[in-house]
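One structure is given below, encoded as structure tokens.
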Amino acid sequence: MASSRSLAPARARPPARATRVYRGQSNLERREDRRDRLLGAGLELFGTAGYAATSIEGICATAGVTARHFYEHFTSREALLRAVYDGVIAETQHAVLRALTHSTDAEARATAGVRAFVRAYLEDPRRARIACIEVIGVSADFERHRRSVIHAFAAVIQAQAEALAAAGAIPGERSYELVGIAMAGAVNELMSDWIIRRDKPPIVRFSQDIVDFFLAVMKGGAVGTSSTPSAK
């Protein structure tokens, strides 16, 4: 005869915590939504009021979350800034690489890449302010990260210069490594100047000016053509 224990109905297991639904969203979806709102608040406040003038309380108020929810996602205000910055950079890199892929000859690729870079930053001035101004001087660790981003863009510029050289459009016997770094820094500075100017030139014209500058530098020569200085 079966025991009474074996005849007892099995208790239903409660749903997993992460799958519980509240107002049409699971815990995981609500968590992701809060993170997205924090990133949006960071973009807005860092890109308008500035990093130094933005508090965690202000970020939470803008995002509509509590401080507890903030710290579920980010350890500090700097951590949020880095996440926003990395998002801007990732989208910009994607835009540049897409433009390079869809262009034909070497000069057209270089031109399309520069224009894509400028548009990705300046069509939303908040993104440009964060990438070019607000990330400077945050911390030593952040500065190392920012420098790695500059060098990544410099490597893309160097590759395009080498492609132009291979096509015979610019001198081919020179090194373009330092030119890539110089161009990346120069474009960042030109972006910063555009951001703070009251009489901003239209983005299309400004973009073309940077393209002309890029091609003029490449066609005019490169720095660092020799690894050792000549003896005098």
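The set of residues in region 58-113 being assigned to a helix (DSSP H, G or I) and among the polar types (S, T, N, Q) consists of 62, 92, 93, 101, 111. Given the criteria of a type in the set (D, E, K, R) and within 25 Å of the chain's Cα centre (by Cα), does residue 174 qualify? No, not satisfied.
Look at (1) modelled with pLDDT of 95 or more; (2) surrounded by 13 or more Cβ atoms within 10 Å (Cβ to Cβ) and you find that residue 36 fails only one, number (2).
Is it the case that some residue within region 143-160 is surrounded by 18 or more Cβ atoms within 10 Å (Cβ to Cβ), at pLDDT below 95 and more than 21 Å from residue 94 (Cβ to Cβ)? The answer is no; no qualifying residue exists. Filtered by the rule that a residue be of a type in the set (D, E, K, R) and either in contact with a Cys (Cβ under 9 Å, 6 or more places away or on another chain) or modelled with pLDDT of 95 or more (or both), region 77-118 gives 77, 78, 82, 86, 91. Looking at 114, 204, 138, 179, can you tell me which residue is within 22 Å of the chain's Cα centre (by Cα), surrounded by 20 or more Cβ atoms within 10 Å (Cβ to Cβ), closer than 28 Å to residue 40 by Cα and among the β-branched types (Val, Ile, Thr)? Answer to the check: 114. A single entry from 149, 114 fulfils the requirement of being in the same structural domain as residue 210 (by TED's automatic domain parsing), of a type in the set (A, V, I, L, M, F, W, C) and more than 16 Å from residue 160 (Cβ to Cβ): 149. Summed over region 105-154, the residues that are over 25 Å from residue 78 (Cα atoms) and either out of contact with any helix residue (DSSP H, G or I) (no Cβ under 6 Å at 6 or more places or on another chain) or of a type in the set (S, T, N, Q) (or both) give a count of 5.
The values are calculated or read from the model by the stated rules, or taken from the named source; none is laboratory data. Since this is a predicted model, take the numbers as computed values, not measurements. Methodologically, a virtual Cβ is constructed for each residue, glycine included, from the backbone with ideal geometry; neighbour enumeration extends over all protein chains shown.
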